[in-house]
Each structure stands twice: as structure tokens, then as C-alpha cells.
Amino acid sequence: MALAVLGTCVVIALEVAHVDEVAIFSLAALTLVVLAWLLGGATEQVGEHVGGRIAGFLNATLGNLPELVVVVLLIHEAKQHPDLIEVAKASLIGSVLGNVMFVMGLAFLVGGLRHGVQKFRASFAGLNATMLILALSAIAVPDLLLVQDDEALTHLKELSIAIALVLFVVYLASTFFFLKDTDDAHAPTSPHEARWSMRFAVSVLAISAVGVGIVSEALVGAMEHTITQIGISPAFMGFILVPVVGNIAEHLVAVQLAWRNQMDFAVTIALGSSVQVALLIVPAAVFLSYVVGNPIDLTFETRQLLAIGLAALIVPLLVSDGESTWIEGLQLLALYTVIAIGFWY
């Protein structure tokens, strides 16, 4: 916690001193990684006090908090810097892809190299995969309509709000199902005993959340200048860098769990986080864009739609047998790397 507090204070000091924007961006990104890790640890500890089922839900939900904060700040900042809208939208797709390809691929690879063939509950993973396909299909509807009818351009905002509402309702319904379902086949197991008291875990959670907000604001404020000075494309910044920084907690926790051969929980975090981005973060970004005075719609670049289409095809095939191997993880990482290279160029 001391490192997170120190990093936050230094970021604030650099902002006040108006030092180089690239330095602020770099330090803010590193500090956000520490805060995301701390947030993930506190969330896990709170979950351990209330049961494995809620632990998985809390880890996936609050683990995406940095991503949501950064996206909303990007949308707000885009009023002065329109290119940042591309970064915000790319980060939404990149977060989904990063979890199902990079995080799950790394978990499969690391766990498989140590333990060989690993098993997890196919029924639970299959339900998450189905919800992911439905959510990604809904997100692609505005672009599909634009291909057939140019008149749809005049109704994009209304269509996006309607889709966001539907996705949010599905999120609430799925949350209720997973928290209330009595079928143990759908419940992830809790990986270990709580190490922190409930009060301490909640306190760390609150402090981390405040730090995430402060540091994310500095990160977004320096992003436009960093893109210009370094020469990174807005699409690559949004698709790769922002999701990696914002979701580092899930990345590390899922891989650690796979290393310990706790694949139920690892797959729950990787798939569950992707589902929650599609069903919760995307609608929240649409709703909050009106709050910050810069409404967005759910249209994306063709390459981003192709990327989520690949995810929708691959995920059900990987989880249908309830088993994972290191070669499957390597294949996922290879595909993610190729997609990332495409966004770089």
C-alpha cells in the first residue's frame, strides 16, 4: 500500500510541476498497475469473507474499475481532443480481447507447462462463453445496420442507448443467476483462506479506488501528448496499453491461480471479466458519456469487430471440453500477438 500511496503522491507532484507529459504518463501507468494490483488483492480478500461465489463476482467486477474510470475520463477529455474517442472505444474491445486471449492464454500456458492437462467446470465456462457471444453480437448491431441502411446514422445514439440498456439488464439477470444458483457446477471455488480482516480489506479497497481515480486522471491528461511525442497510434494505445494497465490485477491473479492448478477460479476471472466488460463497462460508458457531456455511440472500426468476432468463435471451442493445455494457451497468445501487431501498424 505504501508504494501505491507514494506513486500517487509523486504523480500529483509531477502534474503540479508541469513536467514532461511522457514522464507523467509513464509514472501514472506504473502507479495504476500497483493500484490495480492492490485493488484486486483487497477485492479478493473481501470476497473470501463472503464466499467463493461472491469472491469471483467481486474480483471480476471491481477489477474492471480502473478500466471504466479511464474510459470515462477519455470520453470527457475527447471534447478537447477528439482522437481520444478512438482510444476509449478501442480500449473497450481491447479489454474483452485481452482477457479471453491474453490472460486466459497465459493462464493455460503457465498452468499447462507445470501441471499438464488441467480441468475446470465446463458448464460454468460455457455459460460465460454464451453470454460473451450474445454481448459481442449486440455490440456489433449498429455497424451491421450501417452496412445495410445509411439512414441508421441518424439514430445511432438512440440505438446505442437501447443496446446498452439491454446489455445492462442481461448483466443484472446473469449476476442474480450466478449468485443465487444452487448448482455447484456453476460456482467457482474459493482458492484460499482470507489473510486480511474484513474492515482492513474494505479500507484498502476504498483507498485504492480513490487512488485509481486520481492517477487515471493524470494518465488520460498526458495521453494525447504521449501519443504525439512517441508516435503510438491511438488504436494501439487503446487496444493494447490501456487494457493491460487497467486490467493488470486480473492478469496476474488468473495466472497465479493457474500456476497453483486452480483453473476453475482462473477461468472464472478471465472469462468473467470479459463478460463484465461487455455487459457492464460498455453500457456504463454509454450512460456516463451523457453525464460528462460527450455522448458516444456503439460503432467500432472494422478491424475491431473482426477481432471480437474471432473471440466469439474461439472461446466456446476452447472451454467446451472443460480441459486446457499449454499448447492451447500458446495458440491464444500467438493470435493475440498477431492482432496486436496489426493494430500497431
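The values are calculated or read from the model by the stated rules, or taken from the named source; none is laboratory data. Source: prediction; values computed, not measured. Cβ: placed from backbone, ideal geometry, glycine included. Neighbour counts: every protein chain shown. Each accessible area value is taken on the protein alone, full model and side chains, heavy atoms only, with ligands, DNA and RNA left out. Shrake-Rupley method; radii C 1.70, N 1.55, O 1.52, S 1.80 Å.
With the simple spin-label model, which puts each label point 7 Å out from Cα in the Cβ direction, the S137 to H18 separation comes to 5.4 nm. Between rounded, prolate and oblate, where does the range 258-312 land on the alpha carbon gyration tensor, with a ≥ b ≥ c its root eigenvalues, rounded for a/c under 1.5, else prolate if a/b exceeds b/c? Verdict is oblate for the range 258-312. A value for semi-axes √(5λ) of the Cα gyration tensor in Å was derived from the coordinates, and within the list [x] 35, 20, 19; [y] 29, 26, 19; [z] 32, 23, 20 it appears as [y].
How high is the FRET efficiency from Q256 to K79, r the C-beta distance, R0 56 Å, rounded to 0.05? Rounded to the nearest 0.05, the efficiency is 0.90. Comparing Q118, L333, V277 along the charge dipole axis of the chain, the residue lying farthest to the positive side is Q118, per the Cβ-charge model.
Within a straight-line Cα-Cα reach of under 28 Å, K89 can be paired with the following lysines, leaving aside sequence neighbours fewer than 8 residues apart in one chain: K79, K157. Selection among L132, Q229, L73 by position relative to the dipole of the chain gives L132 as farthest towards the positive end (Cβ unit charges, Cα centre). Could you let me know the centre-to-centre spacing of the range 234-303 and the range 1-29, using Cα atoms, in angstrom? Taking the Cα centre of the range 1-29 as reference, the centre of the range 234-303 is 24 Å away. Based on Cα contacts under 8 Å between residues 6+ apart, the chain shows a relative contact order of 41 percent. Run the simple label-point estimate for K157 and S26 please: 7 Å along Cα→C-beta, distance reported in nm. Roughly 4.1 nm, to one decimal. Cross-link partners for K119 among the lysines, with Cα-Cα distance under 29 Å and sequence neighbours closer than 8 places in the same chain left out: K180.
Taking all protein chains together and a 1.4 Å probe, the residues E328, E86 rank E86, E328 from largest to smallest accessible area.
Given their separation in residues at 0.36 nm each and the Cα-Cα distance between them, F200 and A2 gain 69.8 nm when the chain is fully extended. The modelled label-to-label distance between A122 and T337, using points 7 Å beyond Cα along the C-beta direction, is 3.0 nm. For the listed peptides 64-72, 139-147, a ranking on the average number of other beta carbons within 10 Å per residue, highest first, reads 64-72, 139-147. The peptide list 337-344, 302-309, put in order of mean Cβ contacts within 10 Å with the highest first, becomes 302-309, 337-344.
Could you do me a favour and compute the accessible area per residue for the chain, 1.4 Å probe, result in Å²? Can you show the working numbers first?
Details: 14360 Å² over 345 residues.
I get 42 Å² per residue for the chain.
Placing +1 on each Lys and Arg Cβ and -1 on each Asp and Glu Cβ, with no other charges, gives the chain a dipole about its Cα centre of roughly 820 debye. Descending by average beta-carbon neighbour count within 10 Å, the peptides 239-247, 4-12 line up as 239-247, 4-12, the highest first. Applying 1/(1 + (r/R0)^6) with R0 = 30 Å to the Cβ-Cβ distance of Q229 and V10 gives a FRET efficiency near 0.90.
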